[in-house]
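The values are calculated or read from the model by the stated rules, or taken from the named source; none is laboratory data. This is a predicted model, so every value here is computed, not measured. Note that each Cβ is placed from the backbone with ideal geometry, even for glycine, and that neighbours are counted across all protein chains shown.
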Amino acid sequence: MTETVFITGIAGFLGSHLADEFIQEGYEVVGNDNFVGGYQNNVPREAEFYEIDCNDVSEMKAAMADADIVYHTAALAYEGLSVFSPARVNKSIYQATSATLSAAADVGVDRFVYCSSMSRYGENETPFTEDMEPRPQDPYAISKVAAEDMVELMADIHDFEYVIAVPHNIIGPRQKFDDPFRNVAAIFINRMLQGKQPIIYGDGEQKRCFTFIQDDIRPLRKVATNHNVTGEVINIGPDDEFVTINTLAETIAEIIGFELDPIYKPDRPQEVKLANCSADKARELLDYEARYTLRDGLQEMVEWIKDEGPRDFSYHIDVEIVNDQTPDTWTDELI
(Lines give C-alpha, C1' and ligand atoms only; values in the text may rest on other atoms or scores of the structure.)
Protein backbone atom coordinates (compact mmCIF):
# COMPACT_ATOMS: atom_id res chain seq x y z
CA MET A 1 0.00 0.00 0.00
CA THR A 2 1.29 3.48 -0.89
CA GLU A 3 2.26 5.55 2.11
CA THR A 4 0.94 9.08 2.55
CA VAL A 5 3.19 11.98 3.53
CA PHE A 6 1.60 15.12 4.95
CA ILE A 7 3.63 18.34 4.64
CA THR A 8 2.76 21.52 6.50
CA GLY A 9 3.87 24.64 4.65
CA ILE A 10 3.69 22.86 1.30
CA ALA A 11 3.52 26.19 -0.58
CA GLY A 12 6.76 27.29 1.03
CA PHE A 13 10.31 26.93 -0.17
CA LEU A 14 11.31 23.80 1.75
CA GLY A 15 7.86 22.20 1.85
CA SER A 16 7.27 22.38 -1.91
CA HIS A 17 10.65 20.87 -2.80
CA LEU A 18 10.10 18.11 -0.26
CA ALA A 19 6.68 17.42 -1.79
CA ASP A 20 8.25 17.10 -5.25
CA GLU A 21 10.75 14.56 -3.92
CA PHE A 22 8.10 12.32 -2.39
CA ILE A 23 5.78 12.59 -5.41
CA GLN A 24 8.66 11.53 -7.67
CA GLU A 25 9.19 8.48 -5.47
CA GLY A 26 5.54 7.45 -5.75
CA TYR A 27 4.20 8.56 -2.37
CA GLU A 28 0.79 10.11 -1.90
CA VAL A 29 1.44 13.70 -0.82
CA VAL A 30 -0.99 15.92 1.06
CA GLY A 31 -0.25 19.33 2.52
CA ASN A 32 -1.54 22.60 3.88
CA ASP A 33 -0.52 26.24 3.77
CA ASN A 34 -2.01 29.65 4.59
CA PHE A 35 0.17 31.49 2.02
CA VAL A 36 1.69 33.89 4.53
CA GLY A 37 5.19 32.71 3.65
CA GLY A 38 4.72 30.77 0.41
CA TYR A 39 3.55 31.07 -3.18
CA GLN A 40 0.49 29.37 -4.74
CA ASN A 41 2.50 28.20 -7.74
CA ASN A 42 4.93 26.35 -5.46
CA VAL A 43 2.27 23.73 -4.64
CA PRO A 44 2.77 20.64 -6.84
CA ARG A 45 -0.30 19.85 -8.96
CA GLU A 46 -0.04 16.18 -7.97
CA ALA A 47 -0.41 16.99 -4.26
CA GLU A 48 -3.72 17.10 -2.41
CA PHE A 49 -3.81 20.63 -1.03
CA TYR A 50 -5.70 22.29 1.83
CA GLU A 51 -5.61 26.04 2.35
CA ILE A 52 -5.78 25.97 6.14
CA ASP A 53 -3.74 27.28 9.05
CA CYS A 54 -1.86 24.80 11.21
CA ASN A 55 -3.56 26.26 14.30
CA ASP A 56 -6.97 25.01 13.16
CA VAL A 57 -6.91 21.60 14.87
CA SER A 58 -10.21 20.28 13.53
CA GLU A 59 -9.34 21.19 9.94
CA MET A 60 -5.86 19.71 10.36
CA LYS A 61 -7.31 16.44 11.62
CA ALA A 62 -9.52 16.15 8.56
CA ALA A 63 -6.71 16.99 6.14
CA MET A 64 -4.24 14.67 7.88
CA ALA A 65 -6.65 11.74 8.23
CA ASP A 66 -4.74 9.27 6.02
CA ALA A 67 -1.21 10.40 6.83
CA ASP A 68 1.51 7.93 7.78
CA ILE A 69 4.36 10.47 8.00
CA VAL A 70 4.17 14.18 8.84
CA TYR A 71 6.80 16.76 7.97
CA HIS A 72 6.20 19.98 9.87
CA THR A 73 8.00 22.62 7.83
CA ALA A 74 5.51 25.48 8.31
CA ALA A 75 6.73 28.46 10.37
CA LEU A 76 7.15 32.20 10.15
CA ALA A 77 10.94 31.92 10.10
CA TYR A 78 11.58 35.47 11.27
CA GLU A 79 14.44 35.29 13.72
CA GLY A 80 15.38 38.98 13.62
CA LEU A 81 11.79 40.20 13.47
CA SER A 82 10.77 37.97 16.40
CA VAL A 83 12.47 40.40 18.81
CA PHE A 84 9.88 42.98 17.70
CA SER A 85 6.92 40.70 16.83
CA PRO A 86 7.14 37.87 19.37
CA ALA A 87 3.40 37.16 19.60
CA ARG A 88 2.91 36.56 15.88
CA VAL A 89 6.09 34.51 15.52
CA ASN A 90 5.35 32.40 18.60
CA LYS A 91 1.85 31.64 17.34
CA SER A 92 3.27 30.37 14.04
CA ILE A 93 5.85 28.14 15.71
CA TYR A 94 5.06 26.86 19.21
CA GLN A 95 1.28 27.13 18.99
CA ALA A 96 1.16 25.84 15.41
CA THR A 97 3.42 22.91 16.28
CA SER A 98 1.23 22.02 19.26
CA ALA A 99 -1.87 22.08 17.06
CA THR A 100 -0.19 20.01 14.34
CA LEU A 101 0.92 17.48 16.95
CA SER A 102 -2.65 17.24 18.28
CA ALA A 103 -3.91 16.38 14.82
CA ALA A 104 -1.06 13.93 14.16
CA ALA A 105 -1.58 12.11 17.45
CA ASP A 106 -5.35 11.92 16.96
CA VAL A 107 -5.17 10.39 13.49
CA GLY A 108 -2.40 7.98 14.52
CA VAL A 109 0.60 8.89 12.36
CA ASP A 110 3.67 6.64 12.45
CA ARG A 111 6.41 9.30 12.34
CA PHE A 112 6.58 13.05 12.89
CA VAL A 113 9.51 15.01 11.43
CA TYR A 114 9.96 18.45 12.95
CA CYS A 115 12.04 20.98 11.05
CA SER A 116 13.74 23.07 13.70
CA SER A 117 16.36 25.80 13.31
CA MET A 118 20.05 26.42 13.82
CA SER A 119 18.96 29.31 16.03
CA ARG A 120 18.46 26.68 18.76
CA TYR A 121 22.23 26.79 19.42
CA GLY A 122 22.50 30.54 20.01
CA GLU A 123 25.92 31.63 21.27
CA ASN A 124 27.42 28.14 21.58
CA GLU A 125 30.92 27.70 20.13
CA THR A 126 31.06 26.79 16.46
CA PRO A 127 30.68 24.39 14.85
CA PHE A 128 27.39 23.56 16.59
CA THR A 129 26.93 19.88 17.40
CA GLU A 130 23.69 18.14 18.29
CA ASP A 131 24.81 17.24 21.81
CA MET A 132 25.10 20.91 22.79
CA GLU A 133 22.60 22.39 25.22
CA PRO A 134 20.36 24.80 23.29
CA ARG A 135 20.98 28.47 24.11
CA PRO A 136 18.26 30.38 22.24
CA GLN A 137 18.89 34.11 22.00
CA ASP A 138 15.59 35.44 20.61
CA PRO A 139 11.83 34.68 20.69
CA TYR A 140 11.97 32.72 17.43
CA ALA A 141 14.66 30.39 18.77
CA ILE A 142 12.91 30.04 22.13
CA SER A 143 9.73 28.96 20.33
CA LYS A 144 11.66 26.46 18.21
CA VAL A 145 13.29 24.84 21.23
CA ALA A 146 10.01 24.72 23.15
CA ALA A 147 8.35 23.12 20.12
CA GLU A 148 11.09 20.47 20.02
CA ASP A 149 10.29 19.60 23.63
CA MET A 150 6.60 19.36 22.78
CA VAL A 151 7.35 17.02 19.86
CA GLU A 152 9.36 14.69 22.09
CA LEU A 153 6.74 14.69 24.84
CA MET A 154 3.75 14.10 22.57
CA ALA A 155 5.53 11.35 20.65
CA ASP A 156 6.30 9.57 23.92
CA ILE A 157 2.78 9.87 25.27
CA HIS A 158 0.95 8.98 22.05
CA ASP A 159 3.38 6.38 20.74
CA PHE A 160 4.65 7.69 17.42
CA GLU A 161 8.22 8.09 16.20
CA TYR A 162 9.81 11.50 15.84
CA VAL A 163 12.93 13.14 14.40
CA ILE A 164 14.19 16.69 14.95
CA ALA A 165 15.80 17.85 11.70
CA VAL A 166 17.80 21.09 11.77
CA PRO A 167 18.06 22.51 8.23
CA HIS A 168 19.77 25.88 8.08
CA ASN A 169 20.23 28.87 5.77
CA ILE A 170 18.72 27.18 2.73
CA ILE A 171 18.91 28.98 -0.61
CA GLY A 172 17.60 28.25 -4.09
CA PRO A 173 14.68 28.56 -6.50
CA ARG A 174 11.20 29.12 -4.99
CA GLN A 175 12.49 30.96 -1.94
CA LYS A 176 10.33 33.96 -1.08
CA PHE A 177 12.37 36.90 -2.37
CA ASP A 178 9.93 39.78 -1.83
CA ASP A 179 9.98 39.42 1.95
CA PRO A 180 11.92 42.22 3.69
CA PHE A 181 12.21 40.37 7.00
CA ARG A 182 14.10 37.19 6.06
CA ASN A 183 16.16 35.30 3.44
CA VAL A 184 19.26 37.47 3.20
CA ALA A 185 20.52 36.03 -0.10
CA ALA A 186 17.10 36.45 -1.72
CA ILE A 187 16.82 40.04 -0.47
CA PHE A 188 20.28 40.88 -1.82
CA ILE A 189 19.51 39.35 -5.22
CA ASN A 190 16.11 41.02 -5.54
CA ARG A 191 17.58 44.43 -4.69
CA MET A 192 20.63 44.12 -6.94
CA LEU A 193 18.50 43.02 -9.89
CA GLN A 194 16.58 46.27 -9.37
CA GLY A 195 19.82 48.27 -9.35
CA LYS A 196 19.67 48.82 -5.58
CA GLN A 197 22.53 48.35 -3.14
CA PRO A 198 22.17 45.56 -0.54
CA ILE A 199 21.44 46.64 3.02
CA ILE A 200 23.70 44.97 5.61
CA TYR A 201 23.16 45.02 9.36
CA GLY A 202 26.21 45.68 11.53
CA ASP A 203 29.65 45.38 9.97
CA GLY A 204 28.71 42.44 7.75
CA GLU A 205 31.25 40.17 9.40
CA GLN A 206 28.59 37.82 10.74
CA LYS A 207 29.41 34.35 9.41
CA ARG A 208 27.08 31.66 8.10
CA CYS A 209 27.04 28.52 5.95
CA PHE A 210 24.41 28.36 3.20
CA THR A 211 22.69 25.19 1.97
CA PHE A 212 21.47 24.73 -1.59
CA ILE A 213 17.96 23.29 -1.52
CA GLN A 214 18.73 19.98 -3.27
CA ASP A 215 21.60 19.27 -0.89
CA ASP A 216 19.07 19.64 1.93
CA ILE A 217 16.23 17.64 0.37
CA ARG A 218 18.22 14.44 -0.23
CA PRO A 219 19.07 13.74 3.43
CA LEU A 220 15.83 15.25 4.72
CA ARG A 221 13.80 12.81 2.64
CA LYS A 222 15.70 9.87 4.22
CA VAL A 223 14.55 11.01 7.64
CA ALA A 224 11.07 9.69 6.77
CA THR A 225 12.09 6.05 6.60
CA ASN A 226 15.58 5.46 8.02
CA HIS A 227 15.41 3.38 11.20
CA ASN A 228 18.62 4.81 12.66
CA VAL A 229 17.27 8.34 13.12
CA THR A 230 14.30 7.87 15.44
CA GLY A 231 14.45 10.25 18.39
CA GLU A 232 17.54 12.01 17.02
CA VAL A 233 18.38 15.66 16.50
CA ILE A 234 20.27 16.00 13.19
CA ASN A 235 21.86 19.08 11.64
CA ILE A 236 21.30 19.12 7.88
CA GLY A 237 23.55 21.51 5.99
CA PRO A 238 27.19 22.14 5.09
CA ASP A 239 29.97 22.88 7.55
CA ASP A 240 32.39 24.30 4.97
CA GLU A 241 32.33 27.63 3.11
CA PHE A 242 31.75 29.48 6.39
CA VAL A 243 31.43 32.97 4.91
CA THR A 244 30.67 36.49 6.06
CA ILE A 245 27.57 38.39 4.94
CA ASN A 246 29.96 40.77 3.19
CA THR A 247 31.34 37.84 1.18
CA LEU A 248 27.81 36.71 0.37
CA ALA A 249 27.02 40.16 -1.04
CA GLU A 250 30.28 40.23 -3.01
CA THR A 251 29.61 36.81 -4.54
CA ILE A 252 26.09 37.76 -5.62
CA ALA A 253 27.36 41.04 -7.09
CA GLU A 254 30.00 39.16 -9.11
CA ILE A 255 27.38 36.76 -10.49
CA ILE A 256 25.00 39.57 -11.48
CA GLY A 257 27.73 41.96 -12.64
CA PHE A 258 26.69 44.59 -10.13
CA GLU A 259 28.90 47.40 -8.83
CA LEU A 260 28.78 46.84 -5.08
CA ASP A 261 28.65 49.62 -2.49
CA PRO A 262 26.57 48.22 0.42
CA ILE A 263 24.42 50.31 2.73
CA TYR A 264 25.30 49.51 6.35
CA LYS A 265 22.75 49.76 9.17
CA PRO A 266 23.11 49.24 12.95
CA ASP A 267 23.24 45.70 14.34
CA ARG A 268 19.92 44.00 14.98
CA PRO A 269 19.40 43.07 18.64
CA GLN A 270 20.26 39.49 19.61
CA GLU A 271 21.78 38.54 16.26
CA VAL A 272 24.34 35.76 16.71
CA LYS A 273 27.72 36.64 15.18
CA LEU A 274 28.98 33.15 14.32
CA ALA A 275 26.59 30.34 13.38
CA ASN A 276 27.85 27.14 11.78
CA CYS A 277 26.67 23.54 12.31
CA SER A 278 28.73 20.37 12.15
CA ALA A 279 27.45 17.97 9.47
CA ASP A 280 29.21 14.92 10.92
CA LYS A 281 26.06 13.30 12.30
CA ALA A 282 24.18 13.78 9.01
CA ARG A 283 27.10 12.21 7.15
CA GLU A 284 27.01 9.22 9.46
CA LEU A 285 23.24 8.66 9.57
CA LEU A 286 22.01 10.08 6.26
CA ASP A 287 25.04 9.92 3.92
CA TYR A 288 24.92 13.70 3.72
CA GLU A 289 27.04 15.27 0.98
CA ALA A 290 27.11 18.87 -0.24
CA ARG A 291 27.25 18.77 -4.04
CA TYR A 292 26.70 22.46 -4.69
CA THR A 293 29.19 25.18 -3.89
CA LEU A 294 27.83 28.43 -2.52
CA ARG A 295 28.48 30.12 -5.86
CA ASP A 296 26.72 27.35 -7.81
CA GLY A 297 23.67 27.63 -5.59
CA LEU A 298 23.56 31.41 -5.82
CA GLN A 299 23.91 31.22 -9.60
CA GLU A 300 20.77 29.05 -9.86
CA MET A 301 18.93 31.34 -7.48
CA VAL A 302 19.85 34.46 -9.47
CA GLU A 303 18.65 32.85 -12.71
CA TRP A 304 15.33 31.83 -11.13
CA ILE A 305 14.63 35.29 -9.69
CA LYS A 306 15.54 36.84 -13.05
CA ASP A 307 13.00 34.55 -14.72
CA GLU A 308 10.34 35.34 -12.12
CA GLY A 309 11.11 39.04 -12.36
CA PRO A 310 12.32 41.22 -9.46
CA ARG A 311 9.51 42.43 -7.18
CA ASP A 312 8.75 45.18 -4.72
CA PHE A 313 9.07 44.02 -1.12
CA SER A 314 5.83 43.27 0.73
CA TYR A 315 5.65 44.35 4.39
CA HIS A 316 3.06 41.70 5.20
CA ILE A 317 3.92 41.12 8.88
CA ASP A 318 3.05 43.79 11.44
CA VAL A 319 5.91 45.00 13.63
CA GLU A 320 4.44 44.76 17.13
CA ILE A 321 7.09 46.72 19.00
CA VAL A 322 8.34 50.01 17.62
CA ASN A 323 11.02 51.79 19.63
CA ASP A 324 14.53 53.13 19.20
CA GLN A 325 15.87 49.57 18.68
CA THR A 326 13.50 48.69 15.84
CA PRO A 327 15.36 48.74 12.49
CA ASP A 328 14.22 51.66 10.35
CA THR A 329 14.53 49.35 7.36
CA TRP A 330 11.22 47.89 8.55
CA THR A 331 9.45 50.86 10.16
CA ASP A 332 10.27 53.15 7.20
CA GLU A 333 10.04 50.36 4.60
CA LEU A 334 13.53 51.03 3.27
CA ILE A 335 14.33 47.60 1.83
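Exactly one residue out of 77, 105, 11 is within 25 Å of residue 184 (Cβ to Cβ), without any contact (Cβ under 8 Å) to a residue 60 or more places away in the chain and among the aliphatic types (A, V, I, L, M), and it is 11. A single member of 26, 15, 31 is of a type outside the set (Asp, Glu), in the same structural domain as residue 77 (by TED's automatic domain parsing) and assigned to a loop (DSSP other than H, G, I, E, B), and it is 26.
Mind checking which residues of the stretch 48-91 are under 19 Å from the mean Cα position of the chain (by Cα) and charged (D, E, K, R)? The answer is 53, 79, 88, 91.
Applying the set (1) on the phi > 0 side of the Ramachandran plot; (2) surrounded by 20 or more Cβ atoms within 10 Å (Cβ to Cβ) to residue 327 leaves exactly one unmet item: (1). Quick check: is even one residue across the stretch 288-303 modelled with pLDDT of 95 or more, loosely packed, with under 12 Cβ neighbours inside 10 Å and either part of a loop (DSSP other than H, G, I, E, B) or not charged (D, E, K, R) (or both)? The answer is yes; a qualifying residue exists.
Is there a residue in the stretch 246-255 that is at negative phi, buried (at least 20 other Cβ atoms within 10 Å of the Cβ) and under 19 Å from the mean Cα position of the chain (by Cα)? There is at least one residue in the stretch 246-255 that is at negative phi, buried (at least 20 other Cβ atoms within 10 Å of the Cβ) and under 19 Å from the mean Cα position of the chain (by Cα).
The set of residues in the stretch 304-335 that are closer than 20 Å to residue 202 by Cβ, touching a residue at least 60 places away in the same chain (Cβ under 8 Å) and in a helix (DSSP H, G or I) comprises 328, 329, 330.
When the stretch 289-326 is filtered for residues that are under 22 Å from the mean Cα position of the chain (by Cα), closer than 15 Å to residue 84 by Cα and of a type outside the set (D, E, K, R), the ones remaining, listed by number, are 315, 316, 317, 319.
Scanning the stretch 61-108 for residues that are of a type in the set (Val, Ile, Thr) and in a helix (DSSP H, G or I), we see that the one that is surrounded by the most Cβ atoms within 10 Å (Cβ to Cβ) is 93.
Do we find a residue being surrounded by fewer than 23 Cβ atoms within 10 Å (Cβ to Cβ) and closer than 30 Å to residue 268 by Cβ anywhere in the stretch 23-30? No; the residues of the stretch 23-30 include none that is surrounded by fewer than 23 Cβ atoms within 10 Å (Cβ to Cβ) and closer than 30 Å to residue 268 by Cβ.
Taken over the stretch 205-237, the criterion of being touching a Cys at 6+ places or on another chain (Cβ under 8 Å) and either surrounded by fewer than 16 Cβ atoms within 10 Å (Cβ to Cβ) or modelled with pLDDT under 95 (or both) is satisfied by no residue. Quick check: anything in the stretch 251-258 farther than 16 Å from residue 290 by Cβ, assigned to a helix (DSSP H, G or I), in contact (Cβ under 8 Å) with a residue 60 or more places away in the chain and not β-branched (Val, Ile, Thr)? Yes: one or more hits.
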